[in-house]
Amino acid sequence: MALRYTAEMSDYVDGTQRRKSIASALIQYTIDQCSELKIKNLFSRLLERNMPSIRILEKFGFDKWGHMPDVAEVDGTTCGHLIYGRKV
């Protein structure tokens, strides 16, 4: 119950469909639904090297809420995990 007004947002757009405003539409739709669902806090977790996702989250007013250094391994490379969030 402590996190009943908090939701995690996650989306993936296939590489062949990127740069078509699909991610922006998905994020805006998620934000728009928060009021009806009584969500007050929205967050997303992503790899720190995922600059396109960081940029789009910041475009929608998300701020960095947390950093877990060197906790993920992708293709043999270690990287950190970020948590981006915003009040809605």
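The values are calculated or read from the model by the stated rules, or taken from the named source; none is laboratory data. Keep in mind the model is a prediction, meaning the values are calculated, not measured. All Cβ positions, glycine included, derive from the backbone under ideal geometry; neighbour counts span all protein chains shown.
Quick look at the numbers
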read-out	value
The stretch 61-88, subset hydrophobic (A, V, I, L, M, F, W, C) and either touching a helix residue (DSSP H, G or I) at 6+ places or on another chain (Cβ under 6 Å) or outside any strand (DSSP E or B) (or both), residue surrounded by the most Cβ atoms within 10 Å (Cβ to Cβ)	Phe62
Residues satisfying the stated conditions in the stretch 4-16, i.e. in a helix (DSSP H, G or I) and either touching a Lys or Arg at 6+ places or on another chain (Cβ under 7 Å) or among the β-branched types (Val, Ile, Thr) (or both)	Thr16
Cross-chain or 6+ apart pairs with Cβ under 6 Å, the stretch 17-34 first and under 14 Å from Ser53 (Cα atoms), then among the charged types (D, E, K, R) and surrounded by 13 or more Cβ atoms within 10 Å (Cβ to Cβ)	Leu26/Asp11
When residues of the stretch 17-54 are limited to those that are part of a loop (DSSP other than H, G, I, E, B) and touching a strand residue (DSSP E or B) at 6+ places or on another chain (Cβ under 6 Å), the one farthest from Lys87 (Cα to Cα)	Arg49
Members of the stretch 1-31 that are more than 15 Å from the chain's Cα centre (by Cα) and either among the aliphatic types (A, V, I, L, M) or within 17 Å of Lys59 (Cβ to Cβ) (or both)	Met1, Ala2, Leu3, Arg18, Arg19, Lys20, Ser21
Pick from the stretch 32-76, criterion modelled with pLDDT under 95 and of a type in the set (S, T, N, Q), ranking: nearest to the chain's Cα centre (by Cα)	Ser53
Given (1) out of contact with any Asp or Glu (no Cβ under 7 Å at 6 or more places or on another chain); (2) in contact (Cβ under 8 Å) with a residue 12 or more places away in the chain; (3) of a type in the set (A, V, I, L, M, F, W, C), index of the condition Met51 fails	(2)
Subset of the stretch 54-85 (residues that are without any contact (Cβ under 8 Å) to a residue 24 or more places away in the chain and closer than 16 Å to Ala7 by Cα)	Asp63, Lys64, Trp65, Gly66
Glu58 being part of a helix (DSSP H, G or I), charged (D, E, K, R) and surrounded by 13 or more Cβ atoms within 10 Å (Cβ to Cβ)	yes
